[in-house]
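Heads up, the thing below is written out as structure tokens.
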Amino acid sequence: MNVATGEPLRARPLKAFSLAAVPGRGKSAATVVGLAAYVAGTVAIAHSSSYHQGLLLVAAVYSILALSLDLVAGATGLYSLGHAGLFALGAYGATILNTHYGWNIFLTLPVCVVGVALVGVVIGALSLRVSGLYFAITTLIFTIIVNVVVSDLSITGGYQGLPSPDFPNFPKALSGLGTALVWGVSGALLLTVVVIWSIRSSALYPALLAIRGSEPFASSVGVRTALTRVGVFSLSAALAGLAGWTFCFLGFITPGQFDSTAAVNILVMVILGGMNTRTGPIFGAVFISLFPVVVNMNPLWQEVLFGAVFIFVIVLFPEGFVGLLARGWRRLVATRRLGQAGTAPRPGLAPPAVTPAAPDGALVRVGSGLQVRDANLLAPLARELPAREVPAREVPARGNGAAEATPALEALAISFNYVGGAKALNNVTFVVRRGTVHGLIGPNGSGKSTLVNLLSGELACQAGTIKLHGRRIERLAAWQRADLGMMRTFQTAVMVPELTPRQNVALGLFSRFDRIGPRALVWPMLPSARRDSRRMAAVAELSLAEVGLGAAWVRARLADVPHGVEQLTQLAVACAPKPSVLILDEPLAGLSTGEVEKVSQLVRDLKVKDVTVIVVEHQTRFIFDVCDEVTVLAAGELVTTGTAAQVRADDRVREVYLGQ
Amino acid sequence: MLQVLLTGLSIGAIYGLIGMAYAVVFYVTRVINFATGQLLMASIMIISGLTLQHWAVGPAIVLSLLASTAGGVVIYFLAVRPVLRFNRMSFAWLVSTLGVGIVMETLAAIIWGTSSLSFPQLLNGRDVGLLGGHLTWQQILTIGVAVVIVAAFEVVHRRTLFGKLGTAISSDPEMATAVGANVTMFAVQAFAFGGLLAGIAGVLVGPISFANAYLGDTYGIYGFIALMIGGTERPAAAMGGGFILGILSTLASTYINPEASDWFPFVVVLAVLLLTPKGIFTSGGALRRRMVAGVQRVSSRTTL
């Protein structure tokens, strides 16, 4: 609910990144209308002149290609210039299999798509090795090599290229449908749009954004970043192969259509239309493929105009066509909302801030105001934590003295040194008892953050063992440790700035839901997925309320919120999946006194809920206040571990840390 | 063999100069100026056009270098600055600089036609024997100019306050602004210097490439690959990348077949990128680390 106005919260999904892609009645009606219009358009084109068909089909094929590129470039941050090469493989593959080996043209389709997807797996795996500009150049070289190969081989027709195979026409009974090829291309485009838009509305999409901008964050919430990158790239490659397959029916294919210029042009389509948007790549593809045909003038001057349009569109609207439209739309909506609401503060302008320190009252108030329409949404999550499934015999109930003696997390004799650097940690043993709050302090450079990164799986230790609830985890990846119920926060918040706090917190639940990746392909069509989306949103909202963030912040982009809200959001992310072990790396940095009080209360609440908490912090008052035990590190060595009182009294600690 | 190396070095020097033109701009602004190849083309076309109008070669060269330098600055203000002001991290500059490249190339084709024009021979006709191989004075000049430019650049980069400010801007423009660096001024100078380098490369390569409105594409790509081999962390490394690329493509066209220079260098670059994802000459590069580790392993084994 809106804390400031007391107005109940409307669970309204966001326009651009609707996590909860809840197709309400209005939305499904819109889908039906859209589909009907699409089919009607296809019918119209299938009956139009072959000249117009030719134009529009080329535009449609490039739309498939641009959409597939945007999936990796826009959403996942892999700027591929290899899509021209993948496109060529699809087109040449289908043509050669058909004309040279006499395969049925529909048999070549799965072969091309799967084959190109496999090539995509290899290129996607390269992205784990090279990133950014280097990935772009690596993939450009792939395109160049494919281009050289198809130019030189005789089976590909050399520079002359190959004539297109015939696309079978409809049987007599269906001839009323018009040109069959139009239906084929239209179907391919529809398939692409469905798959990509599904992913964009799925719970996988925030994970992709996180991989793009903050990979450590993604793996800390349980996203298998390497697998996801490779998977998404190979899906994108499969769609590029599909585009190639459809392209081969449109006319002669020649190496010139798939050279480095073409590779760059596909990226230009995406950027010009609007990167990381639903429709932008389509606009860009239609513009670039139709411009030379529609603008009828001296070819040289036309080329000049073409280049000039590039410059001016991007200089005037750096977000591309769709970015321009979206900005206009946001402005319109904002003005209207201002006019309507009058007194209601807009998030980001007049923040009612974090609920002031009235811990119990605020919680109850928010909890009761949360008007979750379906109480089932907050029922226990689908995948409860394995750690909690340990039979009661092994883990005695809380409150029993023995429970506190059981270690939740043990780091035994671990050592780590950075490449070419000194030892960051030397033979450190660090045991955290279950259900306690354990502080980790030490001067700057003492190895606290290194230890946290080793525990969470960000770094791999070179010697020693780490156990979580008695299970050895030092060889597990960060995402596996998140799966086992260990969550962490980062010293400087590294979440996804384009998303709202609620969407970020929902991403924190990634490890608690099954098979998000495969289901993302058809996400809005799966009832289970839609339910999961709603549950994620509801749990995320509750979790935000628990750290004291009201609805005012739910809709603002994380990039626009103040630092304190960002820190608390991070806390909500880590708490949302109900971890059994929670590592907080300097949770108080930059928080106000009221917010510090809030976090202290929260940590105590977590302890009551049997969560084991590890806190790295410099504010010793906070540490000695909330921690049951404190470990002190200095220069990569363990100084001491003991209760707060013991540690405070320790002479060595005073010397190395408290400076007395 | 020596002949191949020398020829490779001289063509590599051209690639390296273009690579440095990219690198200097990228170093300061994090932008790849995709119209760099067209700046080279512009300087070639201007010299060719003016000498065909019976200008003396000297003034034509001076004018062409001025034009390519000014061209770099114009590109910055027209196509790069507005985009960066909106979002420093977006890739929108790719589209706008490509657009500039297309416009320049096509305007050149409109002005000078699409077929190749002659270019003054400069020092190209005069051969000189060298260590058993032989080079033209133009090739020697090319290598010499490249070496002098790299040396001068490194001295300025490392020894002067100006150069150090450039490093500061490269790593953190906001911090550099805070200590008083004028980031815009540096960006303008980087684009100007990039334009000048591209122009110089044009003057040097003109006698063998002749003057064609579309040759910017080819040289642009090769220069870009040189940049990638060398790595973007140090602008001068692009010259090393250029030399490697030049030698490799000459080797490929001599020993494999004349077309092999179309793909062989790229295969090598691919291998290089996979081994050292940030270029060969980057400090603490993966390759060097691996080699050091390997040497240590071998030496420890031998001592045992």
Given +1 on the Cβ of Lys and Arg, -1 on the Cβ of Asp and Glu, and no further charges, what dipole in debye does the range B:2-303 carry about its Cα centre, rounded to the nearest 20?
1040
Put one equal scatterer on each alpha carbon of the range A:406-658, apply the Debye formula with no solvent term, and list log10 I(q)/I(0) at q = 0.14 1/Å to two decimals.
-0.95
Applying a 10 Å radius around every beta-carbon, put A:631-638, B:100-107, B:37-44 in order of their mean neighbour count, most first.
B:37-44, B:100-107, A:631-638
Straight distance only, please: which aspartates and glutamates reach the Cα of A:LYS578 with their own Cα at less than 13 Å, same-chain residues fewer than 8 apart left out?
A:GLU384, A:ASP483, A:GLU546, A:ASP605, A:ASP610
Simple spin-label estimate for A:ARG648 and A:ALA36 in nanometres, 7 Å along Cα-Cβ:
7.3
What is the dipole size for the range A:29-294, taken about its Cα centre, with +1 at each Lys and Arg Cβ and -1 at each Asp and Glu Cβ, in debye to the nearest 20?
460
What is the distance in Å between the Cα centres of the range B:179-217 and the range B:14-28?
8
Please enumerate, by chain and number, the lysines with C-alpha under 26 Å from the C-alpha of B:LYS164, excluding those fewer than 8 residues away in the same chain.
B:LYS278
Given the pairs A:LYS27/A:LYS609; A:LYS467/A:LYS607; A:LYS423/A:LYS607, which span a C-alpha to C-alpha distance of over 31 angstrom in this model?
A:LYS27/A:LYS609; A:LYS423/A:LYS607
Rank-order B:229-241, A:452-464 by packing density, defined as the average count of other C-beta atoms within 10 Å over each peptide's residues, highest first.
B:229-241, A:452-464
Which value in deg cm²/dmol, rounded to the nearest 500, describes the helix-derived mean residue ellipticity at 222 nm for the protein assembly as shown, given -39,500 (n - 2.57) per DSSP H run of n ≥ 4 and division by the residue count?
-19000 deg cm²/dmol
Which value in Å does the Kirkwood hydrodynamic radius of the range A:29-294 take, with 1/r averaged over all unlike C-alpha pairs and then inverted?
18.7
Would you mind giving the mean number of other chain beta-carbons within 10 Å of the Cβ of each residue in A:132-141, as a whole number?
6
Can you tell me what share of the DSSP beta bridges in the protein assembly as shown is antiparallel? A percent to the nearest 5 is fine.
60
Directionally averaged shadow of the protein assembly as shown, computed from the convex hull of its alpha-carbon atoms, nm²
47.1
Pull up the cross-link candidates among the aspartates and glutamates for A:LYS448, meaning alpha carbon to alpha carbon under 14 Å and not fewer than 8 places away within one chain.
A:GLU458, A:ASP585, A:GLU586, A:GLU617, A:GLU637
Net charge near A:ALA634, counting Lys/Arg +1 and Asp/Glu -1 over other residues with Cβ under 15 Å of its Cβ?
0
If you take each beta carbon of peptide A:113-123 and count the beta carbons of other chains within 10 angstrom, what is the mean?
0
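Tally Lys and Arg at +1 and Asp and Glu at -1 over the other residues with C-beta under 15 Å from the C-beta of B:ALA213: what net charge comes out?
Values: positive: none; negative: A:GLU303, B:GLU105, B:ASP217.
Its environment carries a net charge of -3.
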Based on the Cα coordinates of the range B:2-303, what is the per residue volume of their convex hull in Å³?
162
For A:LEU633, enumerate residues with amide H under 5 Å from its amide H, sequence gap 5+ or separate chain, H modeled in the peptide plane.
A:ILE441, A:GLY442, A:VAL639
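Going highest first, how would you order A:43-56, A:264-277, B:207-220 by mean Cβ packing within 10 Å?
A:264-277, B:207-220, A:43-56
Every read-out reported here was derived from the displayed coordinates using simple, explicitly stated rules and does not represent laboratory data. Please read these numbers as outputs of a predicted model, since none were measured by experiment. All Cβ positions, glycine included, derive from the backbone under ideal geometry; neighbour counts span all protein chains shown.
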